[in-house]
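S.K.: Right, I'll just put the structure down here and ask away after.
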Amino acid sequence: MSRSALLVLADGRFPAGGHAHSGGVEAAVASGGVHDTASLEAFCRGRLHTAGLTAAGLAAAAATGHDALALDEAADIRTPVPALRHVARRLGRQMMRAARATWPCAGLDHLARHRPRGAHQPVVLGVAARAAGLSPLDAAHAAVYESVGGPAAAAVRLLSLDPFDATAVLARLTGDLDEVAGAAADAAARVATAGVGVLPAASAPLLDITGEQHAAWTVRLFAS
């Protein structure tokens, strides 16, 4: 296990395309739901415990070596909105390119061969984490951090927030991040005996609705 590999995987500069996506915060800013540091923190906490938890469970399960194709189908079921499924697979393609160049392995090759249009990003993340020698808990940590780090970074651009304040939001969420990553990893550990149905399937209906609306905008700063 390499903590340095985890830092590489979770680094916002890892060329997996996440910088072009706001994680729903662009739509939230447009509606007035996110307008300052406090509302950004509330948004990030809600996203962490819903979409973040679900993504972390999938990533952790993929990092255990469980069938990535079955997990990709489980991810489809947990992503009911077509626009967000498209985003997840687009990000998965970009993550796959970066991961195969960084940690080439048979698992990534197999997934790329069977999902040429892209697997869901959390599944690719988990397979990449396994290839990098990371644990399922590490994969879950990378997924949960991404679930809030992207929106926080996007909010700095969208609202001209002080970057120090946005970083402080992430710092205040560290306890929640650890809790959610741990719960996701615990669920992933039961997949081998209980099936993918034990993985988290937390929903965020407002994120689903605004995600579909955002995809129809003709002018936007972020892809999602």
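The values are calculated or read from the model by the stated rules, or taken from the named source; none is laboratory data. Quantities reported herein were computed from a predicted structural model and do not represent experimental measurements. Note that each Cβ is placed from the backbone with ideal geometry, even for glycine, and that neighbours are counted across all protein chains shown.
S.K.: Enumerate the helices (runs of 4 or more DSSP H) found wholly within segment 126-224, keeping only those where 3 or more residues are under 30 Å from G65 (Cα atoms).
M.R.: 136-159, 174-189, 191-194
S.K.: Before we move on, is A28 modelled with pLDDT of 95 or more, over 20 Å from L161 (Cα atoms) and either in contact with a strand residue (DSSP E or B) (Cβ under 8 Å, 6 or more places away or on another chain) or buried (at least 24 other Cβ atoms within 10 Å of the Cβ) (or both)?
M.R.: no
S.K.: Answer yes or no as to whether A98 is in contact with a Pro (Cβ under 7 Å, 6 or more places away or on another chain) and more than 21 Å from A189 (Cβ to Cβ).
M.R.: Considered against the rule, which asks whether it is in contact with a Pro (Cβ under 7 Å, 6 or more places away or on another chain) and more than 21 Å from A189 (Cβ to Cβ), A98 comes out as yes.
S.K.: Would you please name the residue that is modelled with the lowest pLDDT, looking only at residues in segment 188-210 that are of a type outside the set (A, V, I, L, M) and either over 20 Å from H141 (Cβ atoms) or out of contact with any helix residue (DSSP H, G or I) (no Cβ under 7 Å at 6 or more places or on another chain) (or both)?
M.R.: S203
S.K.: A follow-up question, please. If we scan segment 166-187, do we find a residue that is over 25 Å from L40 (Cα atoms), at pLDDT 95 or above, surrounded by 16 or more Cβ atoms within 10 Å (Cβ to Cβ) and small (G, A, S)?
M.R.: Yes, the conditions are met somewhere in segment 166-187.
S.K.: May I pose another question? Report yes if S4 is among the hydroxyl-bearing types (S, T, Y), under 20 Å from V87 (Cα atoms) and at pLDDT 90 or above, otherwise no.
M.R.: Taking the combined requirement at face value, the residue does not satisfy it.
S.K.: Consider only pairs whose beta carbons are under 8 Å apart and that are at least six residues apart or on different chains; among these, list those whose first residue lies in segment 198-224 and is in contact (Cβ under 8 Å) with a residue 60 or more places away in the chain and over 23 Å from G57 (Cα atoms) and whose second residue is hydroxyl-bearing (S, T, Y) and crowded, with 16+ Cβ neighbours inside 10 Å.
M.R.: Note: pairs meeting the criteria are H214/S224; A215/S224; L221/S22; F222/S22.
S.K.: Give me a count of the residues in segment 48-65 that are surrounded by 24 or more Cβ atoms within 10 Å (Cβ to Cβ), out of contact with any Lys or Arg (no Cβ under 6 Å at 6 or more places or on another chain) and not aliphatic (A, V, I, L, M).
M.R.: 2
S.K.: Any idea which of (1) touching a residue at least 40 places away in the same chain (Cβ under 8 Å); (2) within 22 Å of E212 (Cα to Cα) is the one A61 doesn't satisfy?
M.R.: Exception for A61: condition (2).
S.K.: Could you pull out the residue among G17, G52 that is under 12 Å from the mean Cα position of the chain (by Cα) and farther than 18 Å from A83 by Cβ?
M.R.: Unique residue meeting the criteria: G52.
S.K.: With respect to A88, is the statement that it is of a type in the set (A, V, I, L, M, F, W, C), touching a Pro at 6+ places or on another chain (Cβ under 8 Å), crowded, with 17+ Cβ neighbours inside 10 Å and closer than 16 Å to H214 by Cβ true?
M.R.: Yes: the conditions hold for A88.
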